[in-house]
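Peer 1: After the structure tokens below, expect a handful of questions from me.
The values are calculated or read from the model by the stated rules, or taken from the named source; none is laboratory data. As the structure is a prediction and not an experimental result, all values here were calculated from the model. Virtual Cβ from ideal backbone geometry, glycine too; neighbours counted across all protein chains shown. These accessible areas exclude ligands, DNA and RNA; they are computed on the full protein's heavy atoms, side chains included. Shrake-Rupley method; radii C 1.70, N 1.55, O 1.52, S 1.80 Å.
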Amino acid sequence: MKVLVFLFSLISFHSLACSCMGYDIEEAFKDYPVVFSGVVESIDTIKVKEDGWFKYSKLKAVTLVVEQSYKGMTAEKIKVTTRMDSAACGFPFEEKVKYVVFAIPDENGLFVGSCGPTIHMEKREEYYEQERLRVTRFLSKQIGT
């Protein structure tokens, strides 16, 4: 019986964990209607209603000061939402850090997930640097197009 409970917990956990496929930066730029770079000003937790009578979930509401708009917006500040943690495909935003953000509209405004090309601009770890450079080089070609 203990073995069955253990196996079920592994299956349940695995099915709830976030699983990402890769992305092509050119296709992502075409597919995402809002792309910009900005610095996180604040991170709040909001409660949103889901389908059903009393179903609510929490999201992070992230306010960013826009430095460069590449596509889809002209605001000086913008608020995006993301899930609470990376296991649920939430993006790990941090205050006072610069990001290039790829966002899609949803019922709460704009949404950012961890499986998209949104990227931390100040990380310099070797494993991350190649991806950061690929995204920034592509976006630098989009300015003024």
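Peer 1: Could you grab me the full set of residues in region 120-135 that are in a helix (DSSP H, G or I) and in contact (Cβ under 8 Å) with a residue 12 or more places away in the chain?
Peer 2: Initially, region 120-135 is screened for residues in a helix (DSSP H, G or I), giving 126-135.
Across region 120-135, the qualifying residues are Glu131, Arg132, Arg134, Val135.
Peer 1: Would you mind stating whether Val40 is open to solvent by less than 40 Å² (accessible area, probe 1.4 Å), under 23 Å from Met21 (Cβ atoms) and touching a Phe, Trp or Tyr at 6+ places or on another chain (Cβ under 6 Å)? Don't jump to the end; show me each part of the working.
Peer 2: Values: open to solvent by less than 40 Å² (accessible area, probe 1.4 Å): yes; under 23 Å from Met21 (Cβ atoms): no; touching a Phe, Trp or Tyr at 6+ places or on another chain (Cβ under 6 Å): yes.
For Val40, the condition - open to solvent by less than 40 Å² (accessible area, probe 1.4 Å), under 23 Å from Met21 (Cβ atoms) and touching a Phe, Trp or Tyr at 6+ places or on another chain (Cβ under 6 Å) - is not met.
Peer 1: Against the condition loosely packed, with under 13 Cβ neighbours inside 10 Å, modelled with pLDDT under 95, within 16 Å of the chain's Cα centre (by Cα) and part of a strand (DSSP E or B), how does Lys47 come out, does it pass? Break it down into steps so the answer makes sense when it comes.
Peer 2: Numbers: loosely packed, with under 13 Cβ neighbours inside 10 Å: yes; modelled with pLDDT under 95: yes; within 16 Å of the chain's Cα centre (by Cα): no; part of a strand (DSSP E or B): yes.
Criteria not met by Lys47.
Peer 1: A further question on this structure: Can you find even one residue in region 92-101 that is closer than 14 Å to Ile119 by Cβ and in contact with a Pro (Cβ under 8 Å, 6 or more places away or on another chain)?
Peer 2: Initial filter on region 92-101 (closer than 14 Å to Ile119 by Cβ): 92-94, 97-101.
Now narrow it down to the ones that are in contact with a Pro (Cβ under 8 Å, 6 or more places away or on another chain): 100.
There is at least one residue in region 92-101 that is closer than 14 Å to Ile119 by Cβ and in contact with a Pro (Cβ under 8 Å, 6 or more places away or on another chain).
Peer 1: For Phe138, all conditions in the list (1) more than 13 Å from the chain's Cα centre (by Cα); (2) part of a loop (DSSP other than H, G, I, E, B) hold save one; what is the number of the exception?
Peer 2: Result: Phe138 passes all but (2).
Peer 1: Counting residues that are surrounded by fewer than 18 Cβ atoms within 10 Å (Cβ to Cβ) and under 11 Å from the mean Cα position of the chain (by Cα), which strands (runs of 3 or more DSSP E) fully inside region 71-119 reach at least 2?
Peer 2: Values: elements: 77-83, 98-106, 109-111.
Here the list is empty.
Peer 1: Scan region 47-63 residue by residue and report those that are of a type outside the set (Gly, Ala, Ser) and closer than 16 Å to Pro105 by Cβ.
Peer 2: Initial filter on region 47-63 (of a type outside the set (Gly, Ala, Ser)): 47-51, 53-56, 58-60, 62-63.
Of everything in region 47-63, those that are of a type outside the set (Gly, Ala, Ser) and closer than 16 Å to Pro105 by Cβ turn out to be Val48, Leu59, Val62.
Peer 1: Please list, ordered by first then second residue, the pairs with beta carbon atoms under 9 Å, 6 or more apart or interchain, first in region 86-109 and over 24 Å from Thr136 (Cβ atoms) and in contact (Cβ under 8 Å) with a residue 40 or more places away in the chain, second in a loop (DSSP other than H, G, I, E, B) and of a type in the set (Ser, Thr, Tyr).
Peer 2: Partner pairs satisfying both residue conditions: Ala88/Ser114.
Peer 1: Being aromatic (Phe, Trp, Tyr) and open to solvent by 60 Å² or more (accessible area, probe 1.4 Å) is the filter; apply it to region 52-70 and report the residue that is farthest from Val39 (Cα to Cα). Reasoning before the result, please.
Peer 2: Here is the first cut: in region 52-70, the ones aromatic (Phe, Trp, Tyr) are 53-54, 56, 70.
If we keep only those that are open to solvent by 60 Å² or more (accessible area, probe 1.4 Å) too, we end up with 53-54, 56.
Numbers: Trp53: 37, Phe54: 35, Tyr56: 29 Å.
The selected residue is Trp53.
Peer 1: Enumerate the pairs (first residue in region 22-35 and part of a loop (DSSP other than H, G, I, E, B); second residue anywhere and open to solvent by less than 50 Å² (accessible area, probe 1.4 Å)) with beta-carbon separation below 6 Å, excluding pairs fewer than 6 apart on the same chain, so at least 6 apart or on different chains.
Peer 2: So the pair list comes out as Tyr23/Pro117; Tyr32/Phe102.
Peer 1: Given the condition modelled with pLDDT under 90, touching a strand residue (DSSP E or B) at 6+ places or on another chain (Cβ under 6 Å), open to solvent by 30 Å² or more (accessible area, probe 1.4 Å) and within 16 Å of Ala28 (Cβ to Cβ), answer yes or no: does some residue in region 120-139 qualify?
Peer 2: Looking through region 120-139, none of the residues is modelled with pLDDT under 90, touching a strand residue (DSSP E or B) at 6+ places or on another chain (Cβ under 6 Å), open to solvent by 30 Å² or more (accessible area, probe 1.4 Å) and within 16 Å of Ala28 (Cβ to Cβ).
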